[in-house]
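Have a look at the structure below, then the notes.
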Amino acid sequence: MLNTASSADPSSFPSIVGPDDTRRRRNVLSGVTPSGSLTLGNYLGALRRFVDGQSTTNGSFFVADLHALTTDHDPRTFRLLTLETATLFFAAGLDPDSATVFVQSQVRAHVDLAYLLESTAYVGELSRMIQFKDKGGRPRTRASLFTYPAWWPPTSSSTTPTRSR
């Protein structure tokens with residue numbers, strides 16, 4: 001089951017000047033890891049918010065398949081869940097004319113950026129991250145779980161990074 005906590009609340013998005021004016025829209029980036037079949041909770045917690053906010057934001061929504069590689073998985077099932085998750089984005093109502101939808105592994109820049117971010121992060125910073133404290137430090141822990149937080153974008157007034165897992 002996926003955790004769908006998301007701070008992409010459309011009611012908090014600023015209004016826009018006109019339907020074609022994207023300069024004043026808030027940028028929203030949110031991803032869902034394909035770690036299991038999506039549920040009603042995923043729809044209510046994340047997908048519905050994506051859909052509701054797509055006309056008032058510059059939304060980019062992605063299947064975070066690279067992020068999901070931090071845990072054990074069956075490759076065949078993982079590929080199917082990745083496709084299923086992307087399909088459900090559209091089934092929930094995301095309009096490709098209003099929002100950007102992509103599968104993370106299909107954007108080469110993500111891998112390039114990950115390397116650059118990991119090259120500038122310090123071990124001390126990464127070892128304090130709750131994700132690694134909760135799941136890491138055990139035999140067979142993947143190194144990607146340790147470096148995963150380096151991928152997280154910074155929060156600023158022009159972006160609202162949200163992540164659904």
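Observations
- Neighbour-count order for Thr33, Thr70, Thr39, fewest beta carbons within 10 angstrom listed first: Thr39, Thr70, Thr33
- Exposure proxy order (Cβ contacts within 10 Å, fewest to most) of Arg76, Arg128: Arg76, Arg128
- Database remark: amide H of Arg26 closer than 5 angstrom to the amide H of Asn58 (H placed geometrically; neighbours at sequence offset of 5 or more, or on other chains; Pro and chain starts carry no H).
- Selection from Phe90, Gln106, Pro75 lying farthest towards where the dipole of the stretch 72-128 points positive, charges on Cβ: Pro75
Any read-out appearing in this document is the output of simple, stated calculations on the displayed coordinates, not a laboratory observation. It should be emphasised that the depicted structure is a prediction, and the values quoted were computed from it without experimental measurement. Cβ atoms come from the backbone with ideal geometry, glycine included; neighbour counts cover every protein chain shown.
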